[in-house]
1. Nearest 0.05, what FRET efficiency do Asn90 and Ile229 give at R0 = 41 Å with Cβ-Cβ as r?
2. Please report, largest first and rounded to whole Å, the three semi-axes of the ellipsoid equivalent to the range 252-366, where each semi-axis is the square root of five times an eigenvalue of the C-alpha gyration tensor.
3. Could you please report the charge total around Leu51, scoring K, R as +1 and D, E as -1 over all other residues with beta-carbon less than 14 angstrom from its beta-carbon?
4. Looking only at the chain, where both bridge partners belong to it, what percent of the DSSP beta bridges are antiparallel (to the nearest 5)?
5. To the nearest 10 Å², what's Ser150's accessible area with a 1.4 Å probe?
6. Give the Rg (one decimal place) followed by the Dmax (whole number) of the range 186-288, computed from C-alpha coordinates and expressed in Å.
7. Using only Cα atoms, locate the centre of the range 170-195 and the centre of the range 1-63, then give the distance between them in Å, rounded to an integer.
8. Working from the alpha-carbon coordinates of the range 15-91, get Rg over Rh, Rh being the Kirkwood radius.
Amino acid sequence: MLSEIGSNFWIDPAEEFTYIQEVTPQSFGLKGNDYCFLSTCRSAISLALELIEMQNPNVSKIAAVPSFTCETVIQPFLDSGYDLKMYEINEELGIEKERFLEDIRESGVGVIIIHRYFGFDTMPDIGEIIDGIRNLGISIIEDRTQCLYSDIELLDADFFVASLRKWHGIPDGGILVCKEGVIDGKPLNVDVELEQAKVDAGHAKYNYLFHHIGEKDSFLEKFRKAEDILDNQSQKYKISPFSYAMQASLDISGMKQKRRRNYAMLTKGIRSIEGIESVFPELQKGVVPLYCPIMVTERQHIQKFLCDRGIYAPIIWPKPDMLPDISGNRSKLYQNMLCIPIDQRYGEEDMDRIVNVLSGVNEYGD
């Protein structure tokens, strides 16, 4: 059992990568005519928007984005000169499809981006209205980041994008797949500075956790500096060789099994804890969860309670500043959701520890 659960992935300095498979779109269940690997998903979105405008120079510069999303998804649209039209995501992380289609029809959008959340098919009926969206001349981007390893049928989208680095400790990595045509402008350069900074940070965390070498503040600062490099990227880069090698060496089958097992243990264990509700209490066949999202009323209190005990539960996502104010039920996703780590770094003892800690949260004073 590890002393700390969650936060940034570590990288074992002694690990030697053994290529298990060539990495292609098929590795993630994606299909299309052309693809490229980039440093980030935001770059993949940005490149998709460039291709859309090359195919349709008169595309409406209004983009439909979900009301629950992150800043890095929104920023490429703003950088490309799009106005944002927000469509509603409900508390179940889904849509009311008829209202959704009506909103899209009335908004005059040229591009729409769609998520399925946390590995679950939160929009099982959306395929029924995709033809209606396409008939309006709207380009469709499906962001597969959170359902990258789940058996969820692809939408009939023009482009697929995903971030690979959300799932394990690769320094960088995103993918863009286009349904038709070819991808012009594939980046050729690697962000060497980012690659090295991420590797150094990952090594430092590993050495701290497993060999008691260095200080915690030191590896945290390394990760902060690496994220600053990422946030300040001024051009598109292709995936780094180190990241590609890690991805090609990933035991995908083992990762899926561990995530599913951890998720099932955790949701069962927290079922009876007052004030904590699983967003997805049932783990369907074929689902590979990204996190275990829970809804809580005292999020800040519970997050600190966990942090004080070495369990780091992230908020996915804080409300982006550029989105309009959200009120009522929709605000609960931004205000009350907390995500518990269940990834492949951890096992049964770690899940038991999380459950035991959460079981005492209601007796803990501020």
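1. Here the calculated transfer efficiency is 0.65.
2. Calculated on Cα positions only, the semi-axes equal 23, 19, 13 Å.
3. Values: positive: Lys179, Lys186, Lys236; negative: Asp34, Glu50, Glu53, Asp158, Glu180, Asp184.
After counting each charged neighbour, the total is -3.
4. If we restrict to bridges inside the chain, about 50 percent are antiparallel.
5. For Ser150, the solvent-accessible surface is approximately 10 Å².
6. When restricted to the Cα atoms of the range 186-288, Rg and Dmax are 18.7, 53 Å.
7. Result: 7 Å between the Cα centres.
8. 1.07
The values are calculated or read from the model by the stated rules, or taken from the named source; none is laboratory data. The shown structure was predicted, so the numbers you read here are calculated from the model rather than taken from an experiment. For neighbour counting, all protein chains shown are included, and Cβ atoms are generated from backbone atoms with ideal geometry for every residue, glycine included. Please note that ligands, DNA and RNA were not included when accessible areas were found on the heavy atoms of the full protein model with its side chains. Shrake-Rupley method; radii C 1.70, N 1.55, O 1.52, S 1.80 Å.
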